[in-house]
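Chemist: The following block contains the structure, expressed as C-alpha cells.
The values are calculated or read from the model by the stated rules, or taken from the named source; none is laboratory data. Everything quoted here is computed from the prediction, not taken from an experiment. All Cβ positions, even for glycine, are placed from backbone atoms using ideal geometry, and neighbour counts span all protein chains on display. Keep in mind that these areas ignore ligands, DNA and RNA; they rest on the heavy atoms of the full protein, side chains included. Shrake-Rupley method; radii C 1.70, N 1.55, O 1.52, S 1.80 Å.
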Amino acid sequence: MFRFFETLVDPYTTYPETDAPPRRLWAFLWDYSKPFKRLYAITALMSVVVAAVEVGLIWYMGRVVDLLSTGTPAEVLGDHGLELMLAAVFILTLRPLLQGLDVALLNNGILPQFGALIRWRAHRQVLRQSVGWFENDFAGRIANRIMQTPTSAGDAVFQVFDAITFALAYLIGAAILLAEADPRLALPLIAWFALYALLVRWTVRRVGPASKASADARSMTTGRVVDSYSNIHSVKLFAHHDRELDYAKEAIEQTRDTFAREMRLFTIMDIVLTLLNGFLIVAVVGWAVWLWAGDAATVGAVAAATALTLRLNAMTGWIMWSVSTLFRSLGVVAEGMETITDPVTLTDAPDARPLTVPQGEIGFDTVSHHYGRGAGGLDRVALTIRPGEKVGLVGRSGAGKSTLVKLLLRFYDTEGGRILIDGQDIRTVTQDSLRRHIGMVQQDSSLLHRSVRDNILYGRPDATEEQMIAAARRAEAHEFILTLEDPQGRRGYDAHVGERGVKLSGGQRQRVTLARVILKDAPILVLDEATSALDSEVEAQIQQTLYGVMEGKTVIAIAHRLSTIAQMDRIIVLEEGRIAEDGTHADLLAKGGLYAGFWARQSGGFIGTETDPGTEAAE
C-alpha cells in the first residue's frame, strides 16, 4: 500500500535545467512543485473533506443530544436506532479510511519525494557552479543549505495541507454550523476570527525575517565548525584550540541571539492567543446559553456550540504554530535559496560541441586574467605549446602559474584573449569534454572519502580491474595499497582513505593520484608539483614513470624543484603575470637571467619564493 503512494511522483524525473533559477520565494517553490501539482490538488481536496467530516461529527453530536431529549430511551432507540448504528459504522469505517487516505497522500505521497526532488536538483545545480564560486564560500555552509532547504520546504508543504487547508475548511464549516443553529452565534466567531487573523499577520510578518536571520546564523556556525574540522591538522599544529573555540563561539552566540529573538515572537503570540480563545469560549458558549434561556436555541445547539469552541480553542494554538512554522520554514528556504538559486555564470555556449584533440597543440592568445581586481594573475600572455611538447613552468609564488592552469581547465573564463586547443577556443566546447582530455596531478593531492579502488577508477570509471591495478603498479602504489586496512576491516583496494585521503601519507596520496591520472590517459597532462610529497627514492622511481606517461602527450609541468623539469623541451619563466623567459634549460642558464638566478640560488632544487604578500592571492 505504501509503495503505491510513494511512487505517485518520481523525484528524479527529467526537467529543464536553467543557469538562472527563480530567485523569488514563491516562484522557486512553484518551479520545484510542478511534478506535484495534481497530487497537491487531490491532497487539498482530501483536507477539506476531512475537515467537513470533523465539523459534521460535532453537528451530529448536537443532534444526538437533541434526540435524547425527545422521549424515553426505548422510544429514542426505537425511532432512531438504525440511524445511530449507521453513524457508528461511518465513524468506525469510512472516517478512518478518509483520514488514512489524507495522511497517506501527504506523508507518503508528497513529503519524501518533495524533499528528495529539491535535494537532488539543488545538489545538481550547485555542482554546475565553477571552482571559483566554491572558493568564495564555506563548503560546510553550502552543504548545510543543501540539506536544510528540502527539509524546511517539506515542512512548509506539510503545514499548508495538514493545518492551513484543514483549518480554513474547519472554520468555514464551524461558521455554517453555528449560523444554522442561530445566525447570531456566528457573530462572535467572525469577530474572533478577525482578531485572530490580525495576530497571525503580526506574527508571520516578523517570523519570516527572524527565521531567515536565525538560519543564516546557523549556516555560518556550521561553516566555521566544519572549517575547523577540515583543517584539524593546522589547528593542532599551531596549537590554536582556544582560537578556534573563540571563532566558533562568536557564530554560536549570534545563532543563540537570533534564535532568542525568534522565540520572543512565539511567546507573545501564545499569550495573546490565550486571551483571544478565552473571548471565543465566553462569547459563543455564553451567547448560546443566553439563547437557550430564551427558548431560542436547543440543548443540542448549546452542546454543539460548546464542543465547537473547545475544539477551536485546542486547534488555534496548533494552527498558529503551524502558520508560524510555515513562515519559519519559508525563511529557512529563502536563506538556502541564496546558494541554490545563485546563477551559474561559467556555462557552456549554447552551441558548444565536444572537444576533439587529434594533436594536442595549446595556444594562449594574449590571455589576461586578474580575478576582477585589475592586478595579479596573467597579463597578455602569448604562448604556443606544440603537439607532444613538454613545457616546464616556473616562477615565484604569485607569478601566475596556477592561474594559467586554471584558465586552461576553464575553472575561470579569461578576462581578455582566448585559449585554443588544436584551434578550438575552449569557450566554444563543452566543459566536460575539455576536462576529460586533460589529466592533472596537483601538489595538494586530496582524495575522495571512498575506497582506493573508487579513487583510482575516478580517472576512468569503465576501466577493468586489471587496468586499474596496472595503473597503480606504474605509480608505485600497488604494494602499499595491499597493506591498507580501514577501521571497518576493509582491506587493500577496498579500504577507505578518509576525508581528503587523511588516512594515507602525503606520498601515498600522491601515488594514488598519479595512478588515477595514468588510468585516465588524457592527451594533455598537467603536473603541478606532482612529486613534491614524495621522498627522494620514490620520487626518482615516479619521475621515470612520469617520463613514460608523458610520451605522446602535451605536457605542462609546474615545479619549484627545478631538477624535476630540467629535461623538459622548453621552460617558461613567468614574472608578474608575463612571460619573462622562454627556452631550454641550457639556453636559459646561458642567458644568465631569472632562471639562471633561480638555479643558482635553489637549495635542494627549490626556487627562492620571496614575493610581495599582495601577489600571493593572485596565484
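Chemist: Being of a type in the set (Val, Ile, Thr) and farther than 28 Å from MET46 by Cα is the filter; apply it to the stretch 136-172 and report the residue that is surrounded by the fewest Cβ atoms within 10 Å (Cβ to Cβ).
Modeler: For the stretch 136-172, the residue satisfying everything is ILE146.
Chemist: Does VAL204 satisfy the criteria of being in contact with a Phe, Trp or Tyr (Cβ under 8 Å, 6 or more places away or on another chain), within 29 Å of LEU447 (Cβ to Cβ) and in a helix (DSSP H, G or I)?
Modeler: Judged against the criteria, VAL204 is not a match.
Chemist: Tell me which of these LEU177 doesn't satisfy, since it passes every other one: (1) buried (at least 20 other Cβ atoms within 10 Å of the Cβ); (2) of a type outside the set (Phe, Trp, Tyr); (3) in contact with a Ser or Thr (Cβ under 6 Å, 6 or more places away or on another chain).
Modeler: Among (1) buried (at least 20 other Cβ atoms within 10 Å of the Cβ); (2) of a type outside the set (Phe, Trp, Tyr); (3) in contact with a Ser or Thr (Cβ under 6 Å, 6 or more places away or on another chain), the lone unmet condition for LEU177 is (3).
Chemist: A further question follows. Tally time: how many residues in the stretch 83-114 are free of Cβ contacts under 8 Å to residues at least 40 places away in the same chain and open to solvent by less than 20 Å² (accessible area, probe 1.4 Å)?
Modeler: Result for the stretch 83-114: 0.
Chemist: Out of TYR196, TYR229, which single residue is among the hydroxyl-bearing types (Ser, Thr, Tyr), open to solvent by 80 Å² or more (accessible area, probe 1.4 Å) and part of a helix (DSSP H, G or I)?
Modeler: Of TYR196, TYR229, the one residue that is among the hydroxyl-bearing types (Ser, Thr, Tyr), open to solvent by 80 Å² or more (accessible area, probe 1.4 Å) and part of a helix (DSSP H, G or I) is TYR229.
Chemist: Could I ask something else about it? Every residue in the stretch 381-404 that is surrounded by 14 or more Cβ atoms within 10 Å (Cβ to Cβ) and within 17 Å of ASP425 (Cβ to Cβ), please.
Modeler: Selection gives VAL381, LEU383, ILE385, LEU404.
Chemist: Please count how many residues of the stretch 347-365 are at negative phi, part of a loop (DSSP other than H, G, I, E, B) and either in contact with a His (Cβ under 8 Å, 6 or more places away or on another chain) or surrounded by 16 or more Cβ atoms within 10 Å (Cβ to Cβ) (or both).
Modeler: Total meeting the criteria: 5.
Chemist: Another question about this same structure. Go through the stretch 545-564 and count every residue that is without any contact (Cβ under 8 Å) to a residue 60 or more places away in the chain and assigned to a strand (DSSP E or B).
Modeler: Residues that pass the stated criteria total 1.
Chemist: Same structure, new question: Please give the number of the condition TYR371 fails out of (1) farther than 13 Å from GLY577 by Cα; (2) in a loop (DSSP other than H, G, I, E, B).
Modeler: Here TYR371 clears every test but (1).
Chemist: Check the stretch 436-444 and report whether any residue there is modelled with pLDDT under 95, within 20 Å of LEU514 (Cα to Cα), surrounded by fewer than 17 Cβ atoms within 10 Å (Cβ to Cβ) and in contact with a helix residue (DSSP H, G or I) (Cβ under 6 Å, 6 or more places away or on another chain).
Modeler: Looking for residues that are modelled with pLDDT under 95, within 20 Å of LEU514 (Cα to Cα), surrounded by fewer than 17 Cβ atoms within 10 Å (Cβ to Cβ) and in contact with a helix residue (DSSP H, G or I) (Cβ under 6 Å, 6 or more places away or on another chain), one finds none in the stretch 436-444, hence no.
Chemist: Give me the helices (runs of 4 or more DSSP H) completely within the stretch 1-109, filtered to those with at least 2 residues that are over 45 Å from the mean Cα position of the chain (by Cα) and at pLDDT 85 or above, ordered by residue number.
Modeler: 73-89
Chemist: Of the residues TRP120, TRP133, which is in contact with a Pro (Cβ under 9 Å, 6 or more places away or on another chain), open to solvent by 20 Å² or more (accessible area, probe 1.4 Å) and either in a helix (DSSP H, G or I) or not acidic (Asp, Glu) (or both)?
Modeler: It is TRP120.
Chemist: Still on this structure, I have one more. Looking at the stretch 13-55, which of its residues are polar (S, T, N, Q) and surrounded by fewer than 12 Cβ atoms within 10 Å (Cβ to Cβ)?
Modeler: Scanning the stretch 13-55 gives THR13, THR14.
Chemist: For the condition touching a residue at least 12 places away in the same chain (Cβ under 8 Å), under 26 Å from THR316 (Cβ atoms) and in contact with a helix residue (DSSP H, G or I) (Cβ under 7 Å, 6 or more places away or on another chain), what is the one hit in ALA167, ALA179, ALA186, ALA139?
Modeler: Testing whether each residue is touching a residue at least 12 places away in the same chain (Cβ under 8 Å), under 26 Å from THR316 (Cβ atoms) and in contact with a helix residue (DSSP H, G or I) (Cβ under 7 Å, 6 or more places away or on another chain) leaves just ALA167.
Chemist: Moving on. Cβ-Cβ distance below 9 Å, separation of 6 or more or different chains: which pairs start in the stretch 393-421 with a residue that is farther than 17 Å from GLY132 by Cβ and at pLDDT below 95 and end on one that is basic (Lys, Arg) and open to solvent by less than 10 Å² (accessible area, probe 1.4 Å)?
Modeler: Pairs found: LEU393/LYS401; VAL394/LYS401; GLY395/LYS401.
Chemist: Of the conditions (1) touching a residue at least 60 places away in the same chain (Cβ under 8 Å); (2) over 30 Å from GLY115 (Cβ atoms), ILE281 clears all except one; give me its number.
Modeler: (1)
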